[in-house]
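The values are calculated or read from the model by the stated rules, or taken from the named source; none is laboratory data. The model shown is predicted, which means the values in this text are computed figures rather than measured ones. Neighbour counts are summed over all protein chains in view; Cβ atoms, including those assigned to glycine, are modelled from backbone coordinates with ideal geometry. Just the protein is used for accessible areas: all its heavy atoms, side chains included, with ligands, DNA and RNA removed. Shrake-Rupley method; radii C 1.70, N 1.55, O 1.52, S 1.80 Å.
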Amino acid sequence: MSLPSSLSRRNFLALAGIGAVSTLAGCASTVESSPIVSPVQYSGSTYRPFGSWLSSYNGEQPDPAVIYAAMDDGGFHLPAIPYQEIDPRYYRQRVVNPTGEPPGTVVVNTRERFLYVTEQGGTAMRYGIGVGREGFAWQGRGVIQWRKKWPRWNPPDEMVARQPELVKYSIANGGMEPGLKNPLGARALYIFEDKQDSLYRLHGNPDWRSIGKAVSSGCVRLLNQDVIDLYDRVPERAPILVTQA
């Protein structure tokens, strides 16, 4: 599949009124999830993600009942995630590093709905993700230029024009306050390429049902509990690779 360059994407989003970093792009949506790209097919143990012959790990794994429990963060109370209703392959888990990237690299595979943080010793922490149309519009190498806890959401004017009910959260009206209903969730990580904002974001997500799916809008979304964990593992200026294959 041919993809527009990051420059083309910047031009497109600028024309849509999403140019400034402070607007947090349109990397989230309050609309319902809908399939736009078919994920890799699997059937039980026959599923093979990229580098799958390396993806097993025999050590201790995070307990989903613990990592997806209710928690307090930044003055907000995050409810427990009903992880039993999510495909277990999208749980946060440690795997043998299948990416070939050195330790400390963030790798996003949008097609397979996985995000990896590579570790010393040949392992990687893997997270399930949901991907919106914007999430398929950029690929390549960049850096996590900066990060934000409980970011404010400012839907661009183009989105407000499509969804007039969002006018109260428009840029002119100051956006949406941080909180449990904010589409950017508990954290946002901002990706730059060649010292320019790629308008590509990794962010939290109040809708656990979107994990593992292609959704109607947004960049790359994680469960709120997972994006908090990701934020704590990944410093600013960390390298990131986004692949669509």
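Summary of values
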{"item": "Any hit, segment 16-33, residues being open to solvent by 60 Å² or more (accessible area, probe 1.4 Å), in a loop (DSSP other than H, G, I, E, B), at pLDDT below 65 and of a type outside the set (V, I, T)", "result": "yes"}
{"item": "Any pair with Cβ under 8 angstrom, 6 or more apart, that starts in segment 183-209 at a residue that is polar (S, T, N, Q) and ends at one that is open to solvent by 30 Å² or more (accessible area, probe 1.4 Å) and outside any strand (DSSP E or B)", "result": "Q196/R10; S198/R10"}
{"item": "Residue list for segment 152-161, filter: within 19 Å of N182 (Cβ to Cβ) and without any contact (Cβ under 8 Å) to a residue 12 or more places away in the chain", "result": "V160"}
